[in-house]
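Some notes on the structure that comes next.
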Amino acid sequence: MELERDILLQIYRNMCLTRALEDRIRTLFLQGRIVGGVYTAQGHEAMTVGSAMTLHDGDCIVPQHRDLGMHLVRGVDPRAIMCQWLARGNSPTLGRDGQLHIGDMHYGVVPMISVLGESLPVACGVALTMKMRKRSTVVLASCGDGATSTGSFHEALNFASVQKLPLILLIENNAYAYSTPNSKEFAVQDLSLRASGYAMPGVSVDGNDVLAVYAAVHEAVELARNEQGPALIECKTFRVRGHSEADKADYVPPALRQEWQAKDPIQRFSTALSQQNILTPALQAEIAAWVKATVDDAVRYAEASPAADGSTVAEYAFAPDGPLAIIGEPGASDPVYVNAQDSRIGRPFSVVSETYKTAKTYRAEEAGRV
Ligand SMILES: Cc1ncc(C[n+]2csc(CCOP(=O)(O)OP(=O)(O)O)c2C)c(N)n1
Ligand SMILES: [Mg+2]
């Protein structure tokens, strides 16, 4: 499929930004400035960016722990991401968590559930709401190869197919679930075969080829948008780093890791774009400078932000007083899915607003900042 130059470069920029933010997060972790686990996704950028780039206004993602690229494409601010990792008091979780356990419905990002597989029934719920409201919008949910062995994965596929939900489920098969290799996880050759048991289309693609990911997800998204129901897409890739930065992953054969490192998705894409003269050396340098400036700005902003206030730790452990959930408020111009207004922070926890910011809008704003 032919993509416009502008889209190709947006994809490239987002892949580079994802990699660079994670590299910086890793450095901060090694310097002892990030506490807790650091889960990165070097090599996943084609899947996370390529898939999310197919979405439109009003669509939602239901990402997992290695999906930073999806958050960035949807328009989540790198500053917020960095505040989260550095546990600042103004982070999306107000310093209570330091990972990608975040969501922001203004950008159509449903907060992830850390228990593997459990986000998928939630993704079905969001897709069902869209269908009932005749929105022509879709949900892109992701999970790892490990999560496909959970009951919730199968229940979600079954429910989505029976209800013909506008749901695209992306399996990020990176060959390992922590230290367990695919061969000890399941007996099928391709995880996309799971789709046939639920009578939905399933396809496996090269997860390191961003254009292959984009094309497969785009096709599924357009079918789902046109009431053709869900699809399952397996992206085959490799986790080139450990499960977390605390994991040396010495259970991975070095030759296998090297083989996959040579298929680096960003390198592959930049070579292809250069060959087509879309990415010139000057443009590449400009993008690298923008990426560095964006990451530097995010770190500076986070470091200048207040630390989490320990005295407030018990807040939000219990529901606040007052109305908790207003579902589909009658007369509202746009349905509010959850509106838990908390007077202490003076804003709702999570509101589905009428207009999600799109990557396009966000990047246009960003451009003004560069
Ligand atoms: C039900 C459940 N079991 C175990 C864990 C701990 N855990 C978090 S991520 C992970 C590995 C998941 O593997 P996979 O789904 O392949 O995703 P990957 O980390 O490879 O991207 C494990 C075991 C969990 N969060 N939930
Ligand atoms: Mg995995």
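Computed from the coordinates by the stated procedures, all read-outs in this text should not be read as laboratory data. Since the structure is predicted, the reported quantities are computational estimates derived from the model, not experimental observations. In this analysis, Cβ positions are derived from the backbone assuming ideal geometry, glycine residues included, and neighbour counts consider all displayed protein chains.
Roughly how far apart, in whole Å, are the Cα centres of segment 1-69 and segment 242-289? Result: 13 Å between the Cα centres.
Go through 286-296, 158-168, 245-255, 105-115 and give me the packing order, highest mean Cβ count within 10 Å leading. Please report the intermediate quantities before stating the final value.
Working: 286-296: 15.5, 158-168: 22.0, 245-255: 12.1, 105-115: 19.0.
Final packing ranking: 158-168, 105-115, 286-296, 245-255.
Looking at the chain, the DSSP beta bridges with both ends there are about 20 percent antiparallel. By the count of neighbouring beta-carbon atoms within 10 Å, fewest first, THR237, THR280 end up ordered THR280, THR237. For a test of the definition: using alpha carbon positions, the gyration tensor, and the 1.5 limit on a/c, classify the chain as rounded, prolate or oblate. In terms of gyration-tensor shape, rounded.
Lysine pairs in the chain with Cα distance under 17 Å, only those 8 or more apart or on different chains: how many are there? Numbers along the way, then the final one.
On the way: LYS131/LYS164; LYS134/LYS164; LYS184/LYS236; LYS236/LYS263.
Total qualifying Lys-Lys pairs in the chain comes to 4.
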